[in-house]
Amino acid sequence: MGASPDLTGTIYDIGYQGYTGPRLGRRGAIGAIVGSGLRATFGLGRSGRSKVIPWGTVVLAALPAGVAIGVRVLVGDLLELYSYDNYLWGIGALFPIFVAAQAPELVVNDVRHRVLPLYFSRPISRIDYVVAKLVALSLGLLALTLVPLLLLWLGRILAEDDVVGAIGDEIGAMPAILGNGAMHAVVLASIALAISSLAGRRAYAAGAVLALFLVGSVVSGILQVQGESMANAAPFLNPLAVLDGTREWLFGGSVADAPTSVADVPLPLYGVATIVILGLSWAVLAVRYRGMTT
Amino acid sequence: MTVTLIEITLRGLLNRRRTLLLVLLGVLVVLVAGLYRLADQPQAEAAGFTGALLGNFGLGVLVPLVAVIVGTAALGSELEEGTIVYLLARPVPRWRIVLAKLSVSWLVVTVLVAVPILVAGIVAHPGDPGVALAYAGSSVVAALEYTAVFMALSLVTSRALIVGLAYVVIWEGVVASLFAGTRIFSIRQHALAVAEWLDGGAVTAELAPGVALVMAGIVTVGATLLAVHRLERVELRGETA
């Protein structure tokens, strides 16, 4: 059918232009995922309700440090509530709550709302995406695993009359504080993201992460008091106990009420267990996202 | 109609991957008990272990986790997917819908928690099946109370599963174990008290069984009434159908 001459349309120039600005490339894309992931971790730019759990746990995590500093200022050296060694074990109950609430925020909806192709249309690989999400959650977790200890460190120094001398006394604890904070953050983030990546909805992901830590700590707590062979197996069922054992292996300092102090196993075994946990989590993430096209 | 209602609720609750996961959680309790027996521990300590396993893992983790997932899904998934409209459009009083859904969920939760608790208790301590029976019996009471609370929750908020999980971890797990005064409002403590009452002393609980049973009754009836009230306020509009 031939086009009739009086029906010819007009093509308007509405000013389509090529993008001439800087192209940030792979590094920029990864940085953007980390940035938005960090914002999601703390519920920034979202409703007040989604800020309750992340900020609530951050405040609760720092609370013992504040109390310990207060006691030190008022009472002096008489009693030591929290040391650098037992702090992370003491606030351990907060970690599962934080990661169970926030890890699903990072990964579940990308799959559920089928927006992953938008990520992968950028110059990033599947692994880049996973690494960026891991970095984001790990950095967020540092607010619980590192910041309170830095506060405690700072408080202990400022409470002394001789500040310069106190820095000299306390600086030796710094590698352990930084190392433990980073190790706890990365391992907890890996476990939580691996589980969340398998769930179809955020609520189920949160339930699965919580269930793992709850079951692990409860079973570990039961076995801990059941004689030698059981007590030796107990710490390895609880990820937080494995982390505490690894901390003791790397930096020393036993925690009285932890399952690791009841168990009689060589400390390097905890390091091996931590590596196994990390390897498993990363393998799950790699396999889950390798074939992801939807 | 009630039979159909029960049937579709059962099908909705059971035909999912999550039921398999919940069964696995129960299997885990039995597995821990089995490992304990295989390790050939002294008989004298078996009672303490069984109490800790059934009380902390069974009543403390298994029952609330199963109940929060089943209880919020029974009505919550129908609300979320919009299929509640077809139910409400029927000439069935809404209290009957709530009661039917609650009974079915209670049944499902009971099967998923009481059976593993009973089996695990007998495996861990064959000498005294009374303890296993007491915990299994109290888990039936706890299943009803938890399910009623979580069903009401699913009608109050659309994020019932998250809120329910937070309640289980923060209230039942942390607050009720630290602040003795809040125990009267803790479903887990109600269940422990019932277990003590059923067993006649081998289990130690913080609450008196009478108080616990009365509180459990008040909470269950209150939650059910709240659920009925909320469901009666759901309005059918033309465009939602």
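Do you know which residues across the stretch A:87-116 are of a type in the set (S, T, N, Q) and buried (at least 17 other Cβ atoms within 10 Å of the Cβ)?
A:Q102
Kindly indicate whether A:V71 is modelled with pLDDT under 85 and assigned to a helix (DSSP H, G or I).
yes
Could you tell me which of the residues B:V175, B:V211, B:V169 is under 30 Å from B:E78 (Cα atoms) and part of a helix (DSSP H, G or I)? Step through it out loud before you land on a result.
Working: B:V175 fails: under 30 Å from B:E78 (Cα atoms); B:V211 fails: under 30 Å from B:E78 (Cα atoms).
Just one listed residue meets the conditions, B:V169.
If you go through the stretch A:216-243 one residue at a time, how many are in contact with a Leu (Cβ under 7 Å, 6 or more places away or on another chain) and of a type outside the set (A, V, I, L, M, F, W, C)?
Residues in the stretch A:216-243 being in contact with a Leu (Cβ under 7 Å, 6 or more places away or on another chain) and of a type outside the set (A, V, I, L, M, F, W, C): 3 in total.
Are any residues in the stretch A:122-137 closer than 16 Å to A:L198 by Cβ and open to solvent by 20 Å² or more (accessible area, probe 1.4 Å), and if so, which ones?
Scanning the stretch A:122-137 gives A:R126, A:L134.
Collect the residues in the stretch A:175-193 that are over 15 Å from A:G140 (Cα atoms) and either open to solvent by 20 Å² or more (accessible area, probe 1.4 Å) or not in a helix (DSSP H, G or I) (or both), keeping them in residue-number order.
A:P175, A:A176, A:G179
Let me spell it out: the conditions are (1) assigned to a helix (DSSP H, G or I); (2) within 30 Å of B:V163 (Cα to Cα); (3) not basic (K, R), and A:G45 meets all of them except one. Which number is the exception?
(1)
Report whether or not B:A152 is small (G, A, S), under 17 Å from B:E196 (Cβ atoms) and in contact with a Lys or Arg (Cβ under 8 Å, 6 or more places away or on another chain).
Values: small (G, A, S): yes; under 17 Å from B:E196 (Cβ atoms): no; in contact with a Lys or Arg (Cβ under 8 Å, 6 or more places away or on another chain): yes.
No, not satisfied.
Name every residue in the stretch A:218-239 that is within 10 Å of chain B (Cβ to nearest Cβ), of a type in the set (G, A, S) and assigned to a helix (DSSP H, G or I), in order of residue number.
A:G221, A:S229, A:A233
Quick check: anything in the stretch B:96-107 modelled with pLDDT of 90 or more and within 18 Å of B:L165 (Cβ to Cβ)?
Yes: the stretch B:96-107 contains one or more residues that are modelled with pLDDT of 90 or more and within 18 Å of B:L165 (Cβ to Cβ).
Determine whether the stretch A:158-167 contains at least one residue that is part of a helix (DSSP H, G or I), β-branched (V, I, T) and open to solvent by less than 60 Å² (accessible area, probe 1.4 Å).
So the first thing to find is which residues in the stretch A:158-167 are part of a helix (DSSP H, G or I), and the list is A:158, A:163-167.
Filter once more, so that each one left must be β-branched (V, I, T): A:163-164, A:167.
Restricting the remaining residues to those that are open to solvent by less than 60 Å² (accessible area, probe 1.4 Å) gives A:163.
Looking through the stretch A:158-167, at least one residue is part of a helix (DSSP H, G or I), β-branched (V, I, T) and open to solvent by less than 60 Å² (accessible area, probe 1.4 Å).
Would you pick out the residues in the stretch B:137-172 that are surrounded by fewer than 24 Cβ atoms within 10 Å (Cβ to Cβ), within 11 Å of chain A (Cβ to nearest Cβ) and not aliphatic (A, V, I, L, M)?
B:T157, B:S158, B:R159, B:E172
Have a look at A:S196, A:S138 and point out the one that is in contact (Cβ under 8 Å) with a residue 60 or more places away in the chain, of a type in the set (S, T, Y) and assigned to a helix (DSSP H, G or I). Reasoning before the result, please.
Numbers: A:S138 fails: in contact (Cβ under 8 Å) with a residue 60 or more places away in the chain.
Result of the check over A:S196, A:S138: A:S196.
For A:G245, state whether it is at pLDDT 90 or above, open to solvent by less than 30 Å² (accessible area, probe 1.4 Å), within 14 Å of chain B (Cβ to nearest Cβ) and assigned to a helix (DSSP H, G or I).
no
Only one of A:L141, A:L158 is modelled with pLDDT of 95 or more and not small (G, A, S). Can you tell me which?
A:L141
Can you tell me how many residues in the stretch B:203-214 are open to solvent by less than 30 Å² (accessible area, probe 1.4 Å) and more than 10 Å from B:Q189 (Cα to Cα)?
Count: 1.
Is it the case, given these coordinates, that A:A93 is among the small types (G, A, S) and under 17 Å from A:S50 (Cα atoms)? Full working, then the answer.
Numbers: among the small types (G, A, S): yes; under 17 Å from A:S50 (Cα atoms): no.
No, not satisfied.
Keeping to the stretch A:21-53, report how many residues are farther than 27 Å from A:R126 by Cα and not charged (D, E, K, R).
5
From the set of residues in the stretch B:44-70 that are under 8 Å from the mean Cα position of the chain (by Cα), over 19 Å from B:A33 (Cα atoms) and more than 7 Å from chain A (Cβ to nearest Cβ), which is surrounded by the most Cβ atoms within 10 Å (Cβ to Cβ)?
B:A67
Grab the helices (runs of 4 or more DSSP H) fully contained in the stretch B:39-137, keeping just those with 2 or more residues being without any contact (Cβ under 8 Å) to a residue 24 or more places away in the chain and out of contact with any Leu (no Cβ under 7 Å at 6 or more places or on another chain).
In the stretch B:39-137, the matching helices (runs of 4 or more DSSP H) lie at B:43-52, B:94-124.
Which of the residues spanning the stretch B:18-27 are at the interface with chain A (Cβ under 9 Å from one of its Cβ atoms) and either among the charged types (D, E, K, R) or free of Cβ contacts under 8 Å to residues at least 40 places away in the same chain (or both)?
B:R18, B:L21
Going by the structure shown, is A:Y119 part of a helix (DSSP H, G or I), of a type in the set (F, W, Y) and buried (at least 22 other Cβ atoms within 10 Å of the Cβ)? Steps first, answer last, please.
Working: part of a helix (DSSP H, G or I): yes; of a type in the set (F, W, Y): yes; buried (at least 22 other Cβ atoms within 10 Å of the Cβ): no.
Taking the combined requirement at face value, the residue does not satisfy it.
The values are calculated or read from the model by the stated rules, or taken from the named source; none is laboratory data. Remember, predicted model here, so these are calculated numbers, not experimental data. A quick note on method: Cβ atoms are made from the backbone with ideal geometry, for glycine too, and the neighbour counts reach across all protein chains shown. Just so you know, the surface numbers come from the protein's heavy atoms only, side chains and all, with ligands and any DNA or RNA stripped out. Shrake-Rupley method; radii C 1.70, N 1.55, O 1.52, S 1.80 Å.
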